[in-house]
Amino acid sequence: MIESNINPKTDRMQQDFLPINGTDHIEMYVGNAKQSALYYQYAFGFELIAYAGPETGIKDRASYVLKQDKIRLVLTTPLMQDHPIADHIKKHGDGVKVLALWVDDAAKSYQETTSRGAEPYEAPKVHSDEHGEVQVASIRTYGETIHTFVERKNYNGPFLPGYIAKKSLYNSVPIGLKYVDHCVGNVGWGEMNKWVEFYEKVMGFNLLVTFDDKDISTDYTALMSKVVSNGNGYIKFPINEPAEGKKKSQIEEYLDFYNGAGVQHMAIATDDIIHTVTELRERGVEFLEVPSTYYDDLLDRVGTIEEDIEPLKKLNILVDRDEEGYLLQIFTKPVQDRPTLFFEIIQRKGAKSFGKGNFKALFEAIEREQELRGNL
Ligand code: FE2
């Protein structure tokens with residue numbers, strides 16, 4: 001039987017020293033931001049809202065800001081070879097650099113976390129333009145990933161100072177992506193607890209749930225995972241590390257191709273997963289497939305659900321239930337050629353968990369993909 005450890009919220013009685021309003025934005029460093037921006041507009045239904053680059057006085061890089069409901073995705077590329085962003089892309093391929101957190105006081109967030117041991121990345125700085133001012137500050141987390149605290153209460157521009165409003169010639173249609181539900185990090189062998197401790201001690205997060213290698217293993221591969229969450233629960237960061245299995249685990253494959261720790265997947269919430277996934281598939285987004293037998297005994301496993309089974313089966317959407325309700329979820333294949341970053345689409349109907357009942361079927365699907373890549 002699978003065991004998990006749900007912590008009571010007792011230790012939340014103490015003052016939250018790092019109040020966070022939500023995810024501010026996610027910035028990816030990519031090899032060709034112009035083309036990636038069109039991919040996320042076309043395939044994921046994001047809208048281009050802002051831009052920074054040579055035309056706006058930023059000489060060394062170009063950034064495109066995409067938005068859908070509460071999600072802001074920033075795609076940045078360097079314009080010259082001797083550039084830290086170019087080094088990042090050479091090492092990691094396209095990937096997430098910044099998990100930016102929306103706060104009311106960026107300087108205090110920086111001070112509270114660095115005084116507890118966070119490694120500074122960029123000290124608090126006020127940026128301003130005709131739309132007002134934004135204060136930002138950044139600390140390091142796993143790998144070369146950073147957290148940027150963004151304080152934007154005195155700003156009403158399109159994104160951040162330095163960015164201009166920009167519209168695309170492509171008329172994108174939103175597909176129901178609403179907000180970032182959780183962001184998962186893969187870290188190296190034996191490093192999960194170190195990073196869980198970082199989120200607990202340095203950022204004041206709480207341990208929400210633990211999965212060990214007995215929960216998450218197939219014949220071949222294994223991993224361990226712990227989920228940490230901030231005080232109001234708006235930010236959830238599962239942290240995975242590889243565990244010993246008969247063959248190479250998917251986490252090891254990630255670490256090999258990303259050359260270290262980094263963001264494995266972003267889970268995006270929708271209120272209508274059937275609509276969202278239908279749209280994504282029509283636009284060419286590829287998903288992991290589980291065998292159709294997954295659906296044979298689905299209702300025995302999860303009980304009554306509001307959705308018809310047929311469309312779920314046709315779209316390969318997975319279902320899991322916990323004490324509080326159920327959830328529907330599906331995982332894309334990696335969204336770049338390296339087998340690294342992918343997306344999850346999730347619709348929660350009461351459930352606050354992460355789809356533990358689907359892990360086995362999912363990991364077997366991932367292993368089939370690893371085998372095709374020759375990395376199992
Ligand atoms: Fe997830």
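The values are calculated or read from the model by the stated rules, or taken from the named source; none is laboratory data. No experiment lies behind these values; they were computed from the predicted model shown. All Cβ positions, glycine included, derive from the backbone under ideal geometry; neighbour counts span all protein chains shown. We work out accessible area using only protein heavy atoms, side chains counted, and drop any ligands, DNA or RNA first. Shrake-Rupley method; radii C 1.70, N 1.55, O 1.52, S 1.80 Å.
So, with a 1.4 angstrom probe, what is the percent of accessible area on the chain that is carbon and sulfur?
Carbon plus sulfur share of accessible area: 49 percent.
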Item to check | Relative contact order of the chain, defined on C-alpha pairs under 8 angstrom at six or more residues apart (%) | outcome: 16 percent
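Run the numbers for Glu307 and Lys34: contour at 0.36 nm per residue of separation, minus the present Cα-Cα distance, in nm. Walk me through the numbers on the way to the answer.
Working: separation 273, 0.36 × 273 = 98.28 nm, distance 3.83 nm.
Full extension from Glu307 to Lys34 adds 94.5 nm.
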Checklist outcome for this item: The simple spin-label model distance between Lys356 and Glu289, using points 7 Å out along Cα→Cβ, in nm, is 3.0 nm
Checklist outcome for this item: Subtracting the Cα-Cα distance of Asp296 and Lys90 from 0.36 nm times their residue separation yields 69.7 nm
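Give the accessible surface of the chain per residue, rounded to a whole number of Å², with probe radius 1.4 Å and ligands, DNA and RNA excluded.
Here the per-residue accessible area is 45 Å².
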Checklist entry - Under the Kirkwood approximation for Rh and a Cα-based Rg, what ratio Rg/Rh is obtained for region 231-376? => result 0.95
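Take every Cα pair under 8 Å in region 177-373 that's 6+ residues apart, average their separations, divide by the length, and report that relative contact order as a whole percent.
It rounds to 22 percent for region 177-373.
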Checklist entry - Using only helices, what value at 222 nm comes out for the chain when you add -39,500 (n - 2.57) per DSSP H run of length 4 or more and divide by the total residues, to the nearest 500 deg cm²/dmol? => result -6000 deg cm²/dmol
Checklist entry - If each Cα of the chain is one equal point scatterer, what is log10 of I(q)/I(0) from the Debye formula at q = 0.08, 0.12, 0.13 Å⁻¹? => result -0.40, -0.94, -1.12
Item to check | Protection proxy ranking, peptides 204-210, 301-307, average beta carbon neighbours within 10 Å, highest first | outcome: 204-210, 301-307
Checklist entry - Between Leu169 and Tyr234, 0.36 nm times their residue separation minus their Cα-Cα distance comes to what? => result 20.0 nm
